[in-house]
Amino acid sequence: MAAAAATALATGCVGGDGAEPTTAQSYYLSLGDSLTVGVQPDGNGTPQETPDGYTDILYRALYDSDSTLRHERMGCGGEDTTSFLEGGVPHCDEQYGDTSQIEAAEDFLSEHAGRVDLVTLTIGGNNFTGCVAGLDGGTGPTVDTACVDDGLERVESEIPEIANRLRTAAGPDTRIVAMTYYNPFLAAQLLGGGAEDPDGPAAPGDGPRLGEAEGELPFDASLAGYATDVLEQLNESLRSGFAAEDIAVADVESAFDSLDGGVPADSSTGMPANLRSVCDLTWMCDADRGPDIHTNRAGAQVIATAFEELVR
């Protein structure tokens with residue numbers, strides 16, 4: 001009897017008369033791509049899920065204030081806006097029982113109606129990851145501009161559907177928070193020679209210079225403006241698409257100084273602020289494990305803080 005009473009007290013499963021719950025289980029549902037599940041490169045540079053994604057850090061902070069909160073970690077590495085709606089990433093389809101992530105989320109929200117306090121979502125970045133080639137060396141990094149245009153079009157058309165379906169499934173009172181993205185590809189400026197002089201001759205290992213190959217641009221210093229423009233278009237589509245369904249958006253773009261191309265007065269590296277943040281908060285500039293677009297633990301903490309400011 002004493003053991004049973006102690007268990008009941010610890011879990012909050014019964015009231016004083018042993019009949020009614022004293023506390024109800026509540027849920028935090030996290031959805032999205034590899035950032036959601038803490039993917040980072042291991043010692044060999046192979047991407048692996050970790051318990052140190054921004055959602056895990058956010059959950060630990062929220063749990064400190066509400067021990068009834070359970071984290072339903074439903075993201076999957078590799079998801080973009082299209083696969084989020086339709087499936088198509090094999091390991092993700094298997095995870096969701098041969099359905100899509102949005103359908104799995106709708107099922108969970110229906111099953112736990114009235115008990116989901118928070119939904120977070122990170123989606124859209126993988127619309128572009130297949131557009132960049134050569135980050136691991138070879139002829140130098142390049143970007144397929146037609147692929148980027150397609151990625152932007154899919155974000156613009158599919159985010160409103162994702163937002164609508166999530167809001168409909170969650171109901172009007174559930175807090176839903178999405179996020180903007182940082183720009184990891186700024187670090188590609190550091191990967192090839194000749195970046196200091198975009199108008200000069202290509203150094204060995206460089207891709208073709210800007211304008212030299214239709215539809216394929218080298219991702220060096222001459223492309224910083226292009227990358228920033230793409231990021232702005234992506235994040236504006238995310239903000240507007242989510243706002244229509246009263247979904248808040250964590251400003252990760254600003255948290256990573258993504259649009260600040262100036263060199264801080266106290267800089268010891270001469271790097272612009274946005275590139276410095278990418279190097280400090282992701283694995284893009286790590287010589288042993290990178291380049292890898294994912295956040296390190298410091299970067300995950302920065303994202304978690306941006307979410308927590310809205311959730312609190």
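Just so you know, all these numbers are worked out from the coordinates, no wet-lab data involved. A quick note: this is a predicted structure, and the numbers were derived from the prediction, not measured. Cβ coordinates were reconstructed from backbone atoms using ideal geometry, including for glycine residues, and neighbour counts include every protein chain displayed.
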Return E111, E103 ranked ascending by Cβ neighbour count within 10 Å, so the fewest neighbours appear first.
-> E111, E103
Given segment 236-303, what whole percent of its Cα pairs are spread farther than 14 Å?
-> 65 percent
Ranked output for segments 152-161, 59-68 by mean other Cβ atoms within 10 Å, highest leading, reads 152-161, 59-68
Ranked output for segments 46-54, 91-99, 69-77 by mean other Cβ atoms within 10 Å, highest leading, reads 69-77, 46-54, 91-99
Among 264-272, 82-90, how do they line up from the highest to the lowest mean number of other beta-carbon atoms within 10 Å?
-> 82-90, 264-272
Non-local amide H neighbours of I176 (under 5 Å, H modeled in plane, Pro and chain starts lacking H): which ones?
-> V119, A248
Taking the Cα centre of segment 236-301 as origin, work out the dipole magnitude from +1 charges on Lys and Arg Cβ and -1 charges on Asp and Glu Cβ, in debye rounded to 20.
-> 180 debye
